[in-house]
Amino acid sequence: MTQKIFKYTNPSRMNLKEMGSRYPSRLSFSRSMLRTLVKEKWKIKRSKFDLDKQGYGTAIYQININKEIYSLVCFSRFLNDKDRSDRVIADKWDTAYTLHIGKINQKNLNRLKKNVPLQESGRNSPNELVLSRANKSVRLFKRVVECLSKGVQPTINEINDVGYLMRTTAVYGSGKFGLSDFIRTKKVTAFDQPFRAEMLAVYIIREFSVELVEHIAFHLNPKKAVKLDKRLKQHLGIGNSTGLGMAPFIIKHPKLVHKWMSQYNLAIENITSKKSLTKNNLSKFIILLKKARDYLKEVKTTDNYQIEKNKEALKDIKKTIIFCNKINSNINKYDWIKILDFAHKNLSFDAQEIIKVQIIELYPGIANDLSNDMSNSDEMYLKVNEKISSLKKFIEKNYKWALKIDFEKKENLYLFWYISEEKLEPRLGERYNENGAELEQPLGIGRMVNSFYKFLVNYKKIKNETIGKFLLSYPEYRGIIRRIQTLSDYKLGEVEDNILAKNTMPIDMLRFKLSFFGASRYDPKSTKWLRVSFFTGAPFYKELSKQNVDSWGFATKNSYQ
C-alpha cells in the first residue's frame, strides 16, 4: 500500500495540536452506525422492563439485524451518593450494561446479573461484545424526574447546561475482560466496522436513560406525570467520562489510525478534485457554518483552556461566513481549495477542522462509502532483506520530528506511561518526581527512534548489512525497526510529537479518537481527562428515518423546531 498524494496541500496531520482540535464528521462511527441501522432496517424493541418504582431492576432491549438477534442488558441498582464516581478506580455504578449475542434466556440472565455489575471484576464470555457502566447526572436527572412527575417540562436551557441524564464511565469492547475480540466479532456478527457494536450499545443506553427517568416520574405521581417533550429529549445525549485509558490506543494501533485519517483526508481530496463550488452548495455550506457558530455559542465547559479555544473558533467561523458571503458574487473565481487555503492561512486548527467537517457534510455520496471502510489489521512486518543504510535514510526523511528532540533535556523525558496494578489501566508518571519508571510502557516512539538513529550513526557495518543480519546481533531493536518499516506504507499512523514531554496534553489524543467516535461538547476536567456527549441531537429510534438520520451534527437548542 502506498501513501495517497493529495492535491490539496494542507490535509489534516498527526501532531497533538491538530489532533486536539478535531470534530465529529460523517465518517464518525456513531454517524455511520445510525445510517446502517436505517439502511438495513434494524429493529429495536424493549423485551423486558422489570424495574421497581425507584427504577431499580433489569431491562433488556432486543435488536434484530438481518435475521440475527442481539440483546442489550441493563442493570439498574441503588447507589449511595458517596460511592458515585467517574474515576476508573470506582467499583460501584448506578447502571451496568452488556451487549450480548443472541436472545437472553434465564440461564444467561442469571450469569450476567452476577457478573456485569462487577464490570472488570466479573467473568465475561465471547458472547458479550460490549461491557459498559453509567452514573446518573444527579442534578439534571432529579430535576427532570421532578418536572415530569408534576406534569411539566424542564426548560431547554436546563437540558443544554448538562446535556445528558446519564454518563458512561467506560465502554469496553474488542477482547477486554473476556469479551469477544474484534477479529471474531467481525467474522461472526453484523458489526464488521470498528466500534459499531459499541456505538449501538451507547445509542440504546441513551434510550434507556430517558425511559428510566420517565418510569421513575410516573411512579412518583401516576396521575400527573408526563413523558419528556420530543424536542427536549432529542437534545439530550448520553454523557461519557474518558481518561488516560484511551490515549495509548492511538500509539498501539497505527495502521488503524492511518486508515481513519486517510479516509478523512481522501474525502476532502475527492471533494476538492471532483466537485465544483456553486452558489447552491456555497449557500448550503454557509447554513452549516452558521449551525456550527450557534453550537459554539451554546456549548458548555468549565475549562478555561477549552473556553478560549471555543471563543477563538467562534470568531474564526464568523470570519469565514463573511468571507463566503463576499465570494458569492464572484463565485466563478473560487473553488473549495481556495476556501480551505483561506482557513489554513487565517484560522485556528479548531475552525479549520469545522470547515472541513462541514464541507464533507455536503457530499454524502463521497463520505458515506468511505465511512463504511474504516477497518485495518494491526499486523506489522519486517523487511529483512532491506539494507540498514536504507532504513537510516528513511528515518532521516520521515522522522525529522523525532530527530529534532533533545532527550538529554529533562522536560523532553519528563513523563512515563505505565499500567496501574490495581485497575490494569494506563497511567502517567513524572519520571523525576515519582517511582515506577522501570515499568514504563514502550509508547514514546520519538524517543525510541531517536535512540535507534544515534546507534546507527556510529554503526560501522551500516553500508552493506541487511536488517535480518543486523537483528541477529541487535535483537533489542526488532520492535522499533518493524514499526518504522511497516509505517513506511502507513504514514498517517504515527503521532508526530513527543508524548513524553512535560507540556504534553493527553486530552489531545483523547479528543482525536473521540472525534472519530462522534463525541461532541468537549469539557476537559484536566489535561488528562474530559467529559463529552454522544448522540446529542440524534433522533431516538422510533423517530429515526432516512430523512433525519444525518441531520444532527453540531446540534443546537433550535435544531428541532
Practice prompt. Assuming R0 = 41 Å, can you tell me the calculated FRET efficiency for the pair residue 305 and residue 111, based on Cβ-Cβ distance, to the nearest 0.05?
Written response: 0.35
Discussion item. Quick check: pseudo-label points 7 Å beyond the Cα along Cα→Cβ at residue 192 and residue 120, how many nm apart are they?
Written reply: 3.5
Response to the item:
Contour minus Cα-Cα span, residue 545 to residue 252, at 0.36 nm per residue, comes to 101.8 nm
Discussion item. Taking 8 Å as the Cα distance limit and 6 or more residues as the minimum spacing, I'd like the relative contact order of the chain as a percentage.
Written reply: 23
Discussion item. In Å, what Kirkwood hydrodynamic radius results for region 105-149 from the alpha-carbon pair distances?
Written reply: 12.9
Worksheet item: Over the heavy atoms of residue 451, what accessible area does a 1.4 Å probe trace out, to the nearest 10 Å²?
Response: 60
Item to complete: Can you send over the solvent-accessible area of residue 462, 1.4 Å probe, protein chains only, in Å² to the nearest 10?
Response: 30
Practice prompt. Would you calculate the separation in nanometres between label points at residue 383 and residue 558, each defined as 7 Å from the Cα along the Cα-to-beta-carbon direction?
Written response: 5.6
Worksheet item: Which percent, to the nearest 5, of DSSP beta bridges fully inside the chain are antiparallel?
Response: 95
Item to complete: Find the Cα radius of gyration of region 417-561, compare it with 2.2 N^0.38 Å by division, and give the number to two decimals.
Response: 1.53
Discussion item. Taking the 0 to 90 degree range and rounding to the nearest ten, how far is the long axis of helix 445-457 tilted relative to the main principal axis of the chain, both from C-alpha atoms?
Written reply: 10
Discussion item. Starting from 0.36 nm per residue, how many nanometres of slack lie between residue 329 and residue 474 once their C-alpha separation is accounted for?
Written reply: 45.7 nm
Item to complete: Scale the Cα Rg of region 295-421 by the rule-of-thumb value 2.2 N^0.38 Å and send over the ratio, two decimals.
Response: 1.58
Item to complete: Give the angle, between 0 and 90 degrees and rounded to the nearest 10, that separates the Cα long axis of helix 507-517 from the longest principal axis of the Cα atoms of the chain.
Response: 60
Response to the item:
Helix 336-346: inclination vs the chain longest Cα principal axis, degrees, rounded to 10, gives 80
Discussion item. For the chain, what does the helix formula give at 222 nm: sum of -39500 (n - 2.57) over DSSP H segments with n ≥ 4, over the residue count, nearest 500 deg cm²/dmol?
Written reply: -13000 deg cm²/dmol
Worksheet item: For the chain, with every protein chain kept in place, what is the accessible area per residue (1.4 Å probe, Å²)?
Response: 45
Practice prompt. Any chance you could run the full-extension gain for residue 103 through residue 274? It's 0.36 nm times the residue separation minus the Cα-Cα distance, nm to one decimal.
Written response: 56.9 nm
Worksheet item: About its Cα centre, what dipole magnitude does region 186-297 give when the only charges are +1 on Lys and Arg Cβ and -1 on Asp and Glu Cβ, stated in debye to the nearest 20?
Response: 440
Discussion item. Rounded to two decimals, what is the ratio between the C-alpha radius of gyration of region 134-199 and 2.2 N^0.38 Å?
Written reply: 1.66
Discussion item. If you build the convex hull over the alpha carbons only and average its shadow over all orientations, what do you get for region 351-439? Give it in nm² to one decimal.
Written reply: 11.7
Fill in: FRET E, pair residue 419, residue 527, Förster distance 25 Å, beta-carbon r, rounded to 0.05
0.80
Worksheet item: Accessible area of residue 447, 1.4 Å probe, to the nearest 10 Å²?
Response: 90
Worksheet, complete the sentence: One finds, for residue 219 and residue 394 with R0 = 51 angstrom and r their Cβ-Cβ distance, a FRET efficiency to the nearest 0.05 of 0.15
Item to complete: Keeping every protein chain in place, order 403, 370 by accessible area at 1.4 Å, biggest value first, i.e. largest first.
Response: 403, 370
Worksheet item: Of all the accessible heavy-atom surface of the chain, with the other protein chains kept in place and a 1.4 Å probe, what percent is carbon and sulfur?
Response: 48
Discussion item. How far apart, in nanometres, would the label points at residue 375 and residue 183 be if each is projected 7 angstrom from Cα along the Cα-to-Cβ direction?
Written reply: 1.3
Item to complete: Sort 533, 377 by accessible area with a 1.4 Å probe, largest first.
Response: 377, 533
Response to the item:
Once 316, 489 are ranked on solvent-accessible area with the largest value leading and a 1.4 Å probe, the list reads 489, 316
Discussion item. Counting only Cα atoms, I'd like the Rg/Rh figure for region 48-96, Kirkwood definition for Rh.
Written reply: 1.12
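The values are calculated or read from the model by the stated rules, or taken from the named source; none is laboratory data. The model shown is predicted, which means the values in this text are computed figures rather than measured ones. All Cβ positions, even for glycine, are placed from backbone atoms using ideal geometry, and neighbour counts span all protein chains on display. Note: accessible area is taken over every heavy atom of the protein model, side chains too, but ligands, DNA and RNA are not part of it. Shrake-Rupley method; radii C 1.70, N 1.55, O 1.52, S 1.80 Å.
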